[in-house]
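The values are calculated or read from the model by the stated rules, or taken from the named source; none is laboratory data. Source: prediction; values computed, not measured. Every residue, glycine as well, gets a Cβ built from its backbone with ideal geometry; the counts of neighbours run over all protein chains shown.
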Amino acid sequence: MSAFLRPTAPALRDPTPRELSSCLYHWEAALASIDTVAGVAGVFARAGTLASITDGLGTTFTAPHSMPAFGMVDADGDSIREALALWMGPTDFLHHNVAPPVQALSFYLDFIETGARTTANATLFAICNDAVSGGRFWIDTSGTYYRANYNNGVAATAVSTLTVGQPTAGQRVRLFGYLLATGQLRISQRIGAAAQTDGNETGPLALLPWGAGAKVRINSRGDTENPAQGRYRRAKLVSGLPAFDVLEAIR
Amino acid sequence: MAFTIAGRTFNDLIWQCLQFDGHLADVPATWERTELTQGASVLTPGVRMGPRSFKITLDIWPPSLVDRVATLDALKRRCAGILPLVSDDAPGRVWYVRLANAAVEILAGNLVNPRCLVDLEFTAHDPRRFDVETQVRVLSTTPVECPVGTGVSVPPRVRLFGASTAVVNPIVDLYRFDGTLLSSLLLTGSLGTNTWLDIDCGTEWIHLYTAGVRSDALAWLAGGAFPQLSGEDAASSTGPSPLLALRSTSGTPTGVVSWRRGW
């Protein structure tokens with residue numbers, strides 16, 4: 001490096017981008033942080049190691065005890081590991097101590113499938129408190145297909161289940177959909193570049209407040225309940241019902 | 001792969017992506033420049049920086065000749081100004097681009113057939129600072145390249161792993177692309193099972209994690225400098241990049257480094 005470019009103090013550095021997010025909730029692995037885009041601190045736990053994480057060259061490593069395992073994935077099947085992802089196994093838990101206002105919202109989850117779909121009730125994403133009580137929303141699997149669930153803490157759980165599309169390990173999956181002000185719920189899915197498939201839209205259900213202490217969680221429903229697994233890239237909650245391309249691009 | 005311009009998708013229009021300037025290639029991607037022929041420190045007009053261009057061909061099938069005009073006009077409006085260009089393949093990367101050239105090709109005999117092809121060439125001016133996609137490399141005693149693109153003094157995040165055979169007094173070495181040792185970060189301590197060091201070269205702070213419990217570890221710092229990755233330590237656009245490697249007094253040092261490269 002030229003001596004002109006190596007001053008002593010302060011160091012000349014590219015500023016680290018700090019983004020503002022227009023989402024209700026926005027976490028993105030590309031930033032290599034467990035914090036949300038808006039800066040809400042992530043709380044991560046894994047009581048052990050996680051093996052076979054891949055870097056940008058395909059070299060694998062084992063993430064040590066409790067270290068968030070950011071690795072690089074090939075999101076579009078062209079054999080180039082171009083995208084960062086948080087690799088999470090069945091003992092990994094991540095949550096943010098925020099919960100969006102109870103309102104009409106859209107959800108979006110972008111991840112690489114690693115086998116969670118075949119484990120019934122494995123939960124990829126949730127707005128739920130530690131006790132798994134009160135109003136709560138979560139995305140899990142029936143063991144066959146992914147599904148979205150809403151429970152207002154009083155009535156029976158509304159479930160929107162996909163009936164087409166069973167992602168296999170290594171495939172990029174985007175799960176998205178909406179929760180209307182009427183309590184109606186629908187999940188949709190895109191596997192890789194394939195066309196969108198939709199689950200059923202559930203019937204009306206009163207929107208009631210989230211359970212006390214509700215948090216946004218990735219890879220589990222409660223503090224330890226129903227962990228899933230996957231290589232997570234993005235999770236968003238957005239106010240209203242934007243079109244898919246807007247939901248995908250909004251930051 | 002889909003591209004969005006200003007948050008709107010081009011999916012419905014893309015027929016072929018002729019060139020994306022190697023954006024997906026995990027290779028050094030510094031700016032284009034001609035090497036100095038007179039030797040280092042002699043500046044000549046031979047130095048130049050080229051634009052980074054994105055060429056996209058759209059196959060447009062409007063229903064009528066009138067619609068063709070309307071479609072092209074709409075396309076031109078959509079492409080006006082400086083636009084954020086994003087690929088859904090790497091959504092963490094944002095290029096701010098301007099339409100540099102557009103060519104409409106009316107197919108032969110298509111006075112009555114409204115189909116046409118449109119070549120759009122976008123140029124990313126001064127693309128520094130807009131790529132937020134982080135890179136990850138495994139670290140060991142063998143130096144590993146860390147491509148930084150157009151980034152200058154990019155602070156990496158280094159995580160050193162403990163092992164059952166403790167890693168004692170680890171050292172992080174930064175090399176120029178040609179193997180010249182630039183700096184070393186000297187640490188004093190022992191990393192055993194279930195421990196790892198988190199070295200933030202941006203804030204120049206160190207934390208130790210022991211079975212998930214974080215503690216301040218700045219006292220590990222024994223000397224040297226926190227490594228800063230820089231395109232100035234890389235070769236030309238197709239050349240190698242700065243390297244990082246680990247050493248230790250005993251044990252086998254391993255770890256991982258992440259950083260944000262420019263574009």
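So if I check each of A:175, A:185, which one is under 19 Å from the mean Cα position of the chain (by Cα), surrounded by 15 or more Cβ atoms within 10 Å (Cβ to Cβ) and without any contact (Cβ under 8 Å) to a residue 60 or more places away in the chain?
A:185
Assigned to a loop (DSSP other than H, G, I, E, B), surrounded by 15 or more Cβ atoms within 10 Å (Cβ to Cβ) and of a type outside the set (D, E, K, R): is that true of residue A:203 in this structure?
no
Can you tell me which residue among A:141, A:119 is in contact with a Lys or Arg (Cβ under 6 Å, 6 or more places away or on another chain), more than 22 Å from residue A:104 (Cβ to Cβ) and in contact (Cβ under 8 Å) with a residue 60 or more places away in the chain?
Numbers: A:119 fails: in contact with a Lys or Arg (Cβ under 6 Å, 6 or more places away or on another chain).
Unique residue meeting the criteria: A:141.
Which of the residues belonging to segment A:76-95 are crowded, with 21+ Cβ neighbours inside 10 Å and farther than 17 Å from residue A:52 by Cα?
A:82, A:94, A:95
Could you look through segment B:150-197, keep only residues that are part of a strand (DSSP E or B), without any contact (Cβ under 8 Å) to a residue 60 or more places away in the chain and crowded, with 18+ Cβ neighbours inside 10 Å, and pick out the one that is nearest to the other protein chains (Cβ to nearest Cβ)?
Looking at residues that are part of a strand (DSSP E or B), without any contact (Cβ under 8 Å) to a residue 60 or more places away in the chain and crowded, with 18+ Cβ neighbours inside 10 Å, I get B:196.
Would you say residue A:224 is modelled with pLDDT of 95 or more and either in a loop (DSSP other than H, G, I, E, B) or of a type in the set (S, T, N, Q) (or both)?
So residue A:224 fails the test.
Mind listing whichever residues of segment B:198-223 are more than 10 Å from chain A (Cβ to nearest Cβ), hydrophobic (A, V, I, L, M, F, W, C) and closer than 22 Å to residue B:142 by Cα?
Matches in segment B:198-223: B:199 only.
Between a residue in segment B:129-143 that is on the phi > 0 side of the Ramachandran plot and any residue that is part of a loop (DSSP other than H, G, I, E, B) and at pLDDT 65 or above, which pairs come within a Cβ distance under 8 Å, given they are 6 or more apart or on different chains?
As it stands, the answer is B:129/B:262, since those pairs meet every condition given.
Report the residue count in segment A:43-52 for those that are facing another protein chain (nearest Cβ under 9 Å) and on the phi > 0 side of the Ramachandran plot.
Residues in segment A:43-52 being facing another protein chain (nearest Cβ under 9 Å) and on the phi > 0 side of the Ramachandran plot: 1 in total.
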